[in-house]
Structures are given as structure tokens and as C-alpha cells.
1. Hey, which aspartates and glutamates would be in cross-link range of K169, C-alpha to C-alpha under 17 Å, not counting anything within fewer than 8 residues on its own chain?
2. Round to the nearest 0.05 the FRET efficiency obtained for K116 and Y319 when R0 = 35 Å and r is the Cβ-Cβ distance.
3. Looking at the square roots a ≥ b ≥ c of the eigenvalues of the Cα gyration tensor of the stretch 92-152, which shape do they give, rounded for a/c under 1.5, prolate if a/b is larger than b/c, or oblate?
4. Can you give the charge dipole size of the stretch 155-327 about its Cα centre, rounded to the nearest 20 debye, using +1 on the beta carbon of Lys and Arg and -1 on the beta carbon of Asp and Glu?
5. Given the peptides 228-237, 284-293, 201-210, 120-129, arrange them by the average over their residues of other C-beta atoms within 10 Å, most packed first.
6. For a test of the definition: using alpha carbon positions, the gyration tensor, and the 1.5 limit on a/c, classify the stretch 155-327 as rounded, prolate or oblate.
7. So for the stretch 155-327, taking the charge dipole from beta-carbon charges (+1 Lys/Arg, -1 Asp/Glu), which of A234, N248, I301 sits furthest toward the positive end?
8. Projecting each Cα onto the charge dipole of the stretch 155-327 (Lys/Arg +1, Asp/Glu -1 at the beta carbon, about the Cα centre), which of N292, I185, G282 comes out farthest on the positive side?
Amino acid sequence: MANNGRRSVKMKKGPTVGTGGHGRKALEGKGPTPKAEDRPYHKAHKNKQLSERSAAKRPGAPRNAGARSGPKGRATEEVVTGRNSVVEALRAGIPAKALHVAIRIEMDDRVKESLKLAAERGIPLLETGKPELDRMTDDAIHQGLVLQIPPYEYQDAYELAEETLESWKKGHVANAPLFVALDGITDPRNLGAIIRSVSAFSGHGVVVPERRSVGVTASAWKTSAGAAVRVPVARAANLNNTLKAYKNMGIYVLGLDGDGDVSLPDLSLATEPVCIVVGSEGKGLSRLVRENCDQIVSIPIDSAMESLNASMAVGISLYEISRQRAAK
């Protein structure tokens with residue numbers, strides 16, 4: 001009888017070799033469903049690949065102005081966005097890596113001045129498309145101008161103190177080492193103002209903790225009015241350990257607080273190597289930092305005023321130290 005071109009298949013009785021466990025594995029399932037970005041056929045996976053390729057082409061991609069430093073003290077690039085902010089940053093002399101200008105940007109006085117200042121300082125001018133400007137600024141309002149700021153290079157807090165002490169002992173530095181350490185301050189404008197005061201009163205550096213602290217951002221650069229070029233900012237992995245090391249090196253650690261052991265005019269250590277520690281306006285000095293201070297110094301103020309802004313307190317203290325050193 002014709003089989004209409006079909007081949008007959010003989011079925012064997014009993015289990016077939018090599019098939020054991022297939023049914024059991026099928027019942028076990030394939031595990032949890034992968035994330036959308038990990039599924040090759042999903043749109044999210046393609047978007048992730050595009051983002052990774054873009055990041056690979058531009059390592060350390062910048063973010064909005066005021067970006068914090070990365071983990072373990074690694075600084076990240078940032079950008080200044082908007083016509084007013086960019087022209088003001090250029091006027092202040094903030095170090096810049098490049099000025100990105102939108103293609104076919106509508107010119108006004110701010111754009112013209114920005115281009116002129118960038119050209120005078122030798123800052124590269126890059127004509128950039130709007131999609132790329134949006135990506136660089138995380139879709140912030142940039143108005144066609146984006147100033148790319150390089151990461152600030154911090155000094156090591158211990159090395160800065162050691163080098164300054166050595167220079168002072170050799171007579172290369174006229175005044176005894178004078179530093180300001182920040183405890184819990186997060187406002188970059190406070191840092192900028194403190195840097196400016198340190199420069200004005202012949203200080204030798206500012207120390208900031210690596211964690212939960214302000215860093216040298218574009219805003220800090222701007223507030224310092226150029227003093228950030230002259231005054232080194234050092235990073236301390238652990239502020240308390242750094243203060244202990246300073247004390248072992250012969251630097252007196254003085255904490256500023258309203259409830260002090262010594263009033264500022266009665267300060268007798270002004271002519272010695274000194275590190276002034278200032279806390280945030282709200283919380284003041286942390287407990288451990290306070291315990292590591294040789295003295296707690298208070299500034300006499302009217303009883304109606306609870307406290308002073310951190311940068312103002314530092315400025316007043318530096319002035320008094322400078323006055324006493326000049327009178328010596």
C-alpha cells in the first residue's frame with residue numbers, strides 16, 4: 001500500500017537514551033525574568049548600550065554646575081550652564097576646559113562677551129548640537145552655552161601641612177603656618193568665601209573632608225573671586241585623624257564655637273602654627289572634632305544674634321590672628 005511519500009517511524013519501547021531528566025528540568029522553570037535593559041531584544045537594552053558607548057567616548061562626562069566630587073575623593077568634571085552663569089564664570093577667571101556653543105546660536109551681548117573672553121584665555125570653542133548639549137547638562141536650561149570645568153586637583157592635607165612647616169622653619173615663609181579646616185560645611189559659597197579670607201590674611205591652605213563635605217565647584221571658584229588660584233585646598237580622608245596628625249606636628253587646633261573656653265581677643269596662640277576648625281552654622285562642631293581641639297574659641301557677639309555665618313566667623317578670626325602676628 002502506498003504511503004504517499006511519508007516515512008514510517010518505529011517507536012521504541014522504554015526510555016530513550018539521553019532523555020532522562022528533561023521533563024524535570026522543564027518543570028523547574030528558567031529562573032527570574034531578566035531586567036528590561038538586560039534583554040537583547042528590548043528597547044531598554046539598546047538605550048543602555050548607546051549610553052555606555054557614549055560614556056566610553058567621553059570618560060568622566062560632566063554634569064550640572066555644582067556637581068560633587070566622586071567617591072574616595074576622585075573629582076568629577078562639571079559644567080556651568082546658561083548665558084548669565086557662563087559669562088560670569090569667565091569674568092571670574094574660573095579654569096575652563098572648553099566652551100560649547102550651540103550650532104546657529106542666536107547672538108546677544110552675553111554670547112559675544114563669552115566668546116571674546118574664551119578666545120582671550122585660549123579656551124577651545126566647540127560648536128555643539130542641541131542634543132549633545134542636553135545630554136551634557138542632564139536636560140538643564142543651557143540657552144546654547146555650556147562651559148566645561150576640569151576637576152579640581154586637591155592636595156593631600158598631611159603633605160600640605162608638612163611642606164608649609166618645613167618652609168616656615170627654613171625661613172621661606174614669613175608667618176607661622178595658618179590653616180582652616182571645615183567640619184560639615186556643604187555650601188560651596190561658604191567655601192569660596194573662606195578661601196578668599198584665607199588669601200586676604202596670609203593663610204596657607206584650607207582642609208576639607210572627603211565625605212559629606214563641600215568641594216571646589218564652579219560656585220566656590222566664583223565666590224573666591226580668584227583666590228582659589230592662590231590658596232591650596234587639601235582633602236582629608238578622615239578629618240579627626242588629620243587634626244591629630246597636625247597636633248603631633250606642632251600645629252595647634254582651634255575650634256570656633258559660641259560656647260568657647262577662650263574669647264578671640266584673649267587668644268594667646270595666634271603667633272603659633274594654627275589650624276582653625278569651623279563647623280556648620282546649624283550644627284556647629286561635631287563631638288569628635290571638638291574633642292580633638294586644643295582650645296575652643298568664641299567670638300564675642302551681641303546676645304540677640306545666636307551665631308555667625310561660617311565664612312564670616314573664619315574671616316573675623318583670621319583678621320584677629322593676622323593683627324596679633326603683625327603686632328608681635
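A short reminder: the numbers here are calculations on the coordinates, not readings from a lab. Here the structure is a predicted model, which means the values were calculated and not measured. Neighbour counts are summed over all protein chains in view; Cβ atoms, including those assigned to glycine, are modelled from backbone coordinates with ideal geometry.
1. Result set, ordered by chain and number: E159, E272.
2. It comes out at approximately 0.40.
3. Taking the square roots of the gyration eigenvalues as a ≥ b ≥ c, the stretch 92-152 is oblate.
4. 500 debye
5. Listed from highest to lowest mean packing, they are 201-210, 228-237, 284-293, 120-129.
6. Rounded is the answer for the stretch 155-327, as its axis ratio a/c remains below 1.5.
7. It is A234.
8. Projecting each Cα onto the dipole axis, the largest value belongs to I185.
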